[in-house]
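One structure is given below, encoded as structure tokens.
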Amino acid sequence: MKFLTTDPVAVPSAVQYKRCTIDLQSGATTLEDVPCRNLEDVLGGFGRSYQVLAERQVDNAYCAENPLIVNTGLLTGSSAMTGMRTYFSGYSPIKGSKKGLPSAMWSTGSGKFGAKLKWTGLDELIFENCSEKPVYVVIRETVEGPQVELKPADQLLGLSTHDKIMALHAEYADAHFAVIGQAGENWQNVYMGAVALSTENQLKSGEDKCRFAGRGGMGSLMGYKNIIALVAQSADKLKPLSPEVKKVNINVVKGGGSTRLQPISRGGGGGTWAAYDVMQAFHAVPLNNFRPQGNDLPEKLCRENVEQDYEIKSEACYRCGITCHNNVYAKNADGSRGEFLAKFDYEPLNLLGSNLGIHDAGQAARLIQLGDNYGMDSISLGVTISYLLSYNERHPEKPLLNGASFGDYEKIRDLVIRAGEGELPEIGRGSMRLSQATGETSYAYHVKGLELPAYQPETNPGYAWAIAGGHMSMATYGLLTREGKADIDSWVKGITQDKLHMVGFDMIGLCKFFDIANGIGTQMVVDCLKSEFNLEIATDDIRAAVRRAFLRGLALELRQGYSKEEFALPAEVYEQPNGHIQLPQIATPEFLDELQKRVWAVFEPELEALSL
Amino acid sequence: MGHKSMKIHIKLIGVFRSGRFKEQSRDYPVGTKVQIVVKDLMLPQKHLGIVLINGVHARVDSLLQDGDTLSLLPVLGGG
Ligand code: SF4
């Protein structure tokens with residue numbers, strides 16, 4: 001990026017980012033320095049990509065007009081801790097309105113690809129049209145500036161995400177990679193394809209420790225465009241750590257905000273996996289397609305039980321002191337560490353474990369690993385399978401597909417494999433389409449076409465207003481459980497004021513774990529921007545830009561045909577209230593009606609004032 | 001008067017159990033607030049996310065009553 005001002009709020013156009021537009025049909029590439037239109041453009045990520053998407057009317061995710069935008073945030077590749085994020089944006093194959101129009105979507109992941117991409121000198125790639133033949137894209141730093149080249153990718157076809165990365169690594173030793181798995185290659189039948197991002201640990205150890213931009217099928221969109229992989233090749237270009245950024249980084253690690261994510265051995269909470277214990281205390285861990293039974297079955301996947309049979313190692317992305325990964329390894333007979341199995345995060349572990357009736361850690365690990373290797377979003381995959389199992393339970397006389405039932409590991413494994421191979425569009429196209437086909441939509445746990453993460457919808461009406469995934473684009477999942485808020489005022493305020501701010505992390509290039517409670521409108525971020533780029537931006541300006549970006553996301557949803565009724569929770573939540581969940585029952589039709597009225601009363605005037 | 005004690009049933013969740021216990025009843029003087037129990041158990045304050053008294057959300061400065069069940073949970077956050 002070029003900074004010709006210190007005040008990007010007053011003169012955003014004096015900040016320019018480097019974009020490369022690639023016409024996949026002709027192979028032509030266009031490099032340009034693009035002046036920013038506003039602070040959202042400066043911050044980057046979806047704040048910028050959504051403005052590009054808003055300029056286009058796209059009626060089908062798989063059409064030439066739908067771009068795939070790959071970009072970074074302002075602090076990606078900087079010395080600010082967690083500054084590793086890459087963003088993938090486009091109109092989603094999986095998330096869409098009942099009218100049949102695709103929703104704008106972004107997805108993000110860590111790993112080192114984002115920093116490497118930034119260090120090539122490029123801030124954004126826009127892929128137009130489709131390539132006739134499978135290609136991979138090499139973005140490299142040269143003395144003349146960044147260069148982009150398309151190369152034949154036939155040799156990569158059919159490989160898993162990890163194997164693609166390792167094959168490319170053998171050829172490009174100093175690069176990092178973003179790849180799709182077989183699922184993305186089978187985009188016609190798999191709408192939940194993820195993009196896998198390589199990590200230092202993976203390249204060094206040879207173990208499949210990718211990070212994923214999973215949500216919304218951006219890997220399927222990449223597959224549709226016939227892009228099998230992206231290679232970012234450049235030297236590492238970390239600036240020396242300034243005293244200001246050093247102070248911020250220490251605060252990120254020691255200040256308390258990320259403590260729960262840090263390793264237990266360092267006095268931390270042990271990553272997102274710890275949510276199992278907390279949610280189980282309320283009997284709110286999803287079980288058998290989001291129907292907790294008030295029993296202790298989910299405890300089998302709590303850390304203290306898994307630890308007895310498996311070795312757990314805390315690891316991190318490049319340079320990150322938060323160290324939030326809990327990598328699970330088999331234990332050899334002599335007690336030493338065996339084969340790497342999977343990374344245990346709350347969402348994949350639950351949605352490919354307890355919520356499928358799988359309570360064996362080794363089996364859950366294998367399902368997570370399989371989904372990752374095929375390159376599927378673990379949330380969409382798990383929830384679509386749990387829908388199918390629930391359907392089969394209700395129709396024992398006429399079950400669907402292989403007749404799998406809750407807890408039947410072998411048959412569930414078979415579903416994952418065949419979905420990844422593109423043989424089961426019923427699974428690969430997600431729970432909304434499957435439930436529409438069966439005619440039983442009430443227990444399909446998606447909102448607006450995107451499957452729910454592992455927080456019971458009974459505890460989170462805020463899902464309705466999440467714009468890109470239930471827990472990562474609206475932070476209300478803890479409002480009832482953590483904060484005990486059961487009154488309508490707190491929920492209106494949560495949705496319309498405080499909790500939408502978490503999307504700021506998906507603009508600026510940082511992990512949410514940098515400061516999940518406060519968002520990016522903070523002195524820590526202001527100090528980083530000043531130290532890294534000499535930019536003077538006030539916290540209020542950052543917050544205003546994040547709010548505009550969020551509202552643009554809502555406006556785009558409405559433009560893609562969503563009716564207000566689609567901003568709702570799965571009907572089973574009201575039709576069959578779950579008495580086992582030990583929290584106040586706020587998800588009643590009355591509460592949600594009132595919430596609808598009051599939330600839209602806040603958002604609507606602002607949406608009218610916002611030009612797309 | 002000041003020596004009167006009350007019985008508090010304490011439930012610890014997740015990492016808080018490590019080196020401590022799952023459930024235990026303890027005696028505390030009348031007028032004890034949650035924070036005294038937290039201190040007594042040497043729970044790291046920065047980890048304390050949720051306080052429940054008899055299953056209802058409470059705060060560290062909430063007063064305990066004889067016979068209360070106090071649940072102490074670590075911070076919850078998604079991902
Ligand atoms: S917080 Fe976790 S995912 Fe984010 S950069 Fe650090 S180790 Fe990676």
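Here A:Pro348 does not fit the description of being open to solvent by less than 40 Å² (accessible area, probe 1.4 Å) and over 30 Å from A:Glu307 (Cα atoms). Give region A:83-113 a look and list any residue that's open to solvent by less than 10 Å² (accessible area, probe 1.4 Å), in a loop (DSSP other than H, G, I, E, B) and in contact with a helix residue (DSSP H, G or I) (Cβ under 9 Å, 6 or more places away or on another chain), or say none. Of everything in region A:83-113, those that are open to solvent by less than 10 Å² (accessible area, probe 1.4 Å), in a loop (DSSP other than H, G, I, E, B) and in contact with a helix residue (DSSP H, G or I) (Cβ under 9 Å, 6 or more places away or on another chain) turn out to be A:Gly83, A:Met84, A:Ser97, A:Gly111, A:Lys112. Only helices (runs of 4 or more DSSP H) whose full extent lies in region A:478-533 are considered here, and the ones with at least 2 residues that are surrounded by fewer than 24 Cβ atoms within 10 Å (Cβ to Cβ) and charged (D, E, K, R) are A:488-493, A:523-533. Each residue in region A:16-53 was checked for being open to solvent by 10 Å² or more (accessible area, probe 1.4 Å) and more than 14 Å from A:Ile542 (Cα to Cα), and 18 of them qualify.
For region A:251-263, state whether one or more residues are within 13 Å of chain B (Cβ to nearest Cβ), under 22 Å from A:Glu347 (Cα atoms), free of Cβ contacts under 8 Å to residues at least 60 places away in the same chain and open to solvent by 10 Å² or more (accessible area, probe 1.4 Å). Yes, that holds for at least one residue. Scanning region A:333-376 for residues that are within 14 Å of chain B (Cβ to nearest Cβ) and not in a helix (DSSP H, G or I) returns A:Lys343, A:Phe344, A:Asp345. Consider region A:200-212 and keep the residues that are within 15 Å of A:Cys320 (Cβ to Cβ) and out of contact with any Asp or Glu (no Cβ under 9 Å at 6 or more places or on another chain). The one that is farthest from the ligand (Cβ to nearest atom) is A:Glu200.
Scanning region A:310-357 for residues that are aromatic (Phe, Trp, Tyr) and within 30 Å of A:Thr384 (Cβ to Cβ), we see that the one that is farthest from the ligand (Cβ to nearest atom) is A:Tyr310.
The values are calculated or read from the model by the stated rules, or taken from the named source; none is laboratory data. All figures in this text were calculated on a predicted structure; none of them were measured in a lab. Virtual Cβ from ideal backbone geometry, glycine too; neighbours counted across all protein chains shown. We work out accessible area using only protein heavy atoms, side chains counted, and drop any ligands, DNA or RNA first. Shrake-Rupley method; radii C 1.70, N 1.55, O 1.52, S 1.80 Å.
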